[in-house]
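The values are calculated or read from the model by the stated rules, or taken from the named source; none is laboratory data. This is a predicted model, so every value here is computed, not measured. Here the Cβ positions follow ideal geometry from the backbone for every residue, glycine too, while neighbour counts run over all protein chains shown.
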Amino acid sequence: MSDPSTPIRVRFAPSPTGFLHVGGARTALFNYLLARSQGGSFLLRIEDTDLERSTPEMVNAILEGLTWLGLEWDEEPVYQSKNRSAHVDAANQLLEQGHSYRCFCSKEVLDSKRRKAEEEGCAYRYDGTCRNLSPDEIEDNLKEKKPFVVRFSVPREGITRFKDIVRKNVEVQNSEIDDFVILRSDGSPVYQLAVVVDDIAMEVTHIIRGEDHISNTPKQILLYLALGAKPPRFGHVPLILGTDGKRLSKRHGATSVLAFAEQGILPEAMFNFLALLGWSAKDNREFYQPEEIIQHFQPAGFNKTPAVFDEDKLQWLNSQHIKVLPVTELLKRVQPVFNQHDLGEAFDAAGEAFNLKALALLQEKMRTLQEFATFGKYFWVDPVQYSEAAVERHFKAEGVSENLEAVWTALAQCGPFEVGQIEARIRALADELGVKAAGLIHPIRVALTGFHVSPSLFDMMAVLGQETCLRRLQNAVAYLKT
Ligand code: GLU
């Protein structure tokens, strides 16, 4: 897909006016994947020309989001605001070479033409009044200090076409492209010009971005050609929709990447999930580690249909990534979550050997890192309450408190407190009491955890230890008797 003699250079070019959201992160990821899968470079350009809306905090938040996802960039980030003189020079070059012109039309005149077009139901396009001003007219206007913008002189004839990496061929009649502004009346460069000048300077070879940019591409290609540069290859990935079929937005809940980090999503799961938002491997496999995606990544796998952001799928993928984490690594990842939930002391006090065993059991069940400290907290602290659902299902039956007392007695004399032994004791007791084993297992689980779901009960009891199990059984009996 590229000339092998020219190494691939791609860029992510966020405007730092907000956090790194899902759409931006996906754009960054696709460019990163293209570079890393083909030995190219992934560059970063901060498009901070809107000085009022761009803030250093947002720049940091974007860098933090990229770093969290593992999207390491090559070379120093480029700050677009620092390239302003190069943008202005390019505009002047275009003026000198007749590819652009000064437009002195006032805002009032343009507004009234726009209104008229709207009333007539036509698409408004600049009518080219200033395109053919004579040198004398221009001179006079300049002498009168009339404000002007610089417009690109779009060829009236011909077609601008490009082979989109995602959607194949795109073509637009030049006659449909407006003579767009490249310098505002205050002399500041407009996005279309700045982006092209910077991409030329950074020697960008491929640009993957959202489909919302597709109408910019023909204009940018015309600018490349006018500036005597070879346009890069473009690929426009479809929009991301929510599960309701509407374009993903804040209405759908968290869309900032770091908000997902706070919810306990692993970066590798987010990486995996974002890659599947608009790309798939030939075999439609879903679970991948980041390095496997890099290995399998082929631009031919880009999808043309909109991607759907399904949080359930993200959580499912996260649970799969949690399952395969080496438990010593998991320990490092959950430590901050325990601190956040004021369980840091209990976690440390339990000791590493205990924590590793507890995490190994929990990791089969948990969907997020947060859940280790919410649903899984019973490994470190006694339950202070029992969930309503658990009480409803398993604490309401006849004889529960007596049965739990009998369990207490059986476990107090259990001998070595090991999985096989615990299980044998409880099953024997169920026989003695003439109840099904499940009739004991469920209430024991509630007594020990406060919930009606947990990892395998006997394994869990062996990890918790005899003393803790007995104490919690006693607490449950006391609760049931009040
Ligand atoms: N700063 C633009 C954006 O955030 C970059 C667009 C482009 O890729 O050209 O949408």
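Are any residues in segment 443-468 more than 17 Å from ALA412 (Cα to Cα) and in a loop (DSSP other than H, G, I, E, B), and if so, which ones?
GLY450, PHE451, HIS452, VAL453, SER454, PRO455, SER456
Only one of ARG11, ARG84, ARG26, ARG53 is part of a strand (DSSP E or B) and either within 15 Å of the ligand (Cβ to nearest atom) or closer than 26 Å to LEU225 by Cβ (or both). Can you tell me which?
Criteria check complete, one pass: ARG11.
Name the residues in segment 87-113 that are polar (S, T, N, Q) and either in a loop (DSSP other than H, G, I, E, B) or farther than 14 Å from CYS130 by Cβ (or both), would you?
Hits for segment 87-113 are ASN92, GLN93, GLN97, SER106, SER112.
Identify, please: which residue in segment 29-50 is away from the ligand (no atom under 12 Å from the Cβ) and of a type in the set (Ser, Thr, Tyr) and is, among those, farthest from ILE207 (Cα to Cα)?
SER37
Identify the residue in segment 64-78 that is out of contact with any Phe, Trp or Tyr (no Cβ under 8 Å at 6 or more places or on another chain), of a type outside the set (Asp, Glu) and in contact (Cβ under 8 Å) with a residue 24 or more places away in the chain and, among all such residues, is farthest from GLN289 (Cα to Cα).
Only one residue fits best here, namely VAL78.
Report yes if LEU51 is closer than 28 Å to ILE221 by Cα and crowded, with 16+ Cβ neighbours inside 10 Å, otherwise no.
no
Before we move on, is SER175 outside any loop (DSSP other than H, G, I, E, B) and either among the hydroxyl-bearing types (Ser, Thr, Tyr) or at pLDDT 95 or above (or both)?
yes
To keep it simple, each residue is scored yes or no on (1) within 12 Å of the ligand (Cβ to nearest atom); (2) touching a Leu at 6+ places or on another chain (Cβ under 8 Å).
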residue: GLY210; (1), (2): yes, yes
residue: LYS219; (1), (2): yes, no
residue: GLY228; (1), (2): no, no
residue: PRO238; (1), (2): no, no
residue: ALA254; (1), (2): no, no
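Could you look through segment 183-208, keep only residues that are β-branched (Val, Ile, Thr) and part of a strand (DSSP E or B), and pick out the one that is farthest from the ligand (Cβ to nearest atom)? Can you show your working first?
Narrowing segment 183-208 to residues β-branched (Val, Ile, Thr): 190, 195-197, 200, 204-205, 207-208.
With the extra rule that they be part of a strand (DSSP E or B), the set shrinks to 207-208.
Values: ILE207: 6, ILE208: 9 Å.
Among residues in segment 183-208 that are β-branched (Val, Ile, Thr) and part of a strand (DSSP E or B), the one farthest from the ligand (Cβ to nearest atom) is ILE208.
Could you list, ordered by first residue, the pairs with Cβ atoms under 6 Å in which the first is in segment 409-432 and surrounded by 12 or more Cβ atoms within 10 Å (Cβ to Cβ) and the second is acidic (Asp, Glu), at least 6 apart or interchain?
VAL419/ASP459
Of these, ASP179, ASP136, ASP164, which one is of a type in the set (Asp, Glu) and within 16 Å of the ligand (Cβ to nearest atom)?
ASP164
Only residues in segment 145-172 that are at pLDDT 95 or above and part of a strand (DSSP E or B) count as the first member; pair them with residues that are among the small types (Gly, Ala, Ser) and surrounded by fewer than 17 Cβ atoms within 10 Å (Cβ to Cβ), Cβ under 8 angstrom, at least 6 apart or cross-chain, and list the lot.
VAL149/SER185
Within segment 158-181, work out how many residues are buried (at least 17 other Cβ atoms within 10 Å of the Cβ) and either in contact with a Ser or Thr (Cβ under 6 Å, 6 or more places away or on another chain) or acidic (Asp, Glu) (or both).
Going through segment 158-181 one residue at a time, the tally reaches 3.
Scanning for something more than 26 Å from GLU392 (Cα to Cα) and of a type outside the set (Gly, Ala, Ser), does segment 445-465 turn up at least one residue?
yes
State yes or no: is SER81 out of contact with any Phe, Trp or Tyr (no Cβ under 6 Å at 6 or more places or on another chain) and free of Cβ contacts under 8 Å to residues at least 24 places away in the same chain?
On the way: out of contact with any Phe, Trp or Tyr (no Cβ under 6 Å at 6 or more places or on another chain): yes; free of Cβ contacts under 8 Å to residues at least 24 places away in the same chain: no.
So SER81 does not fit the description; no.
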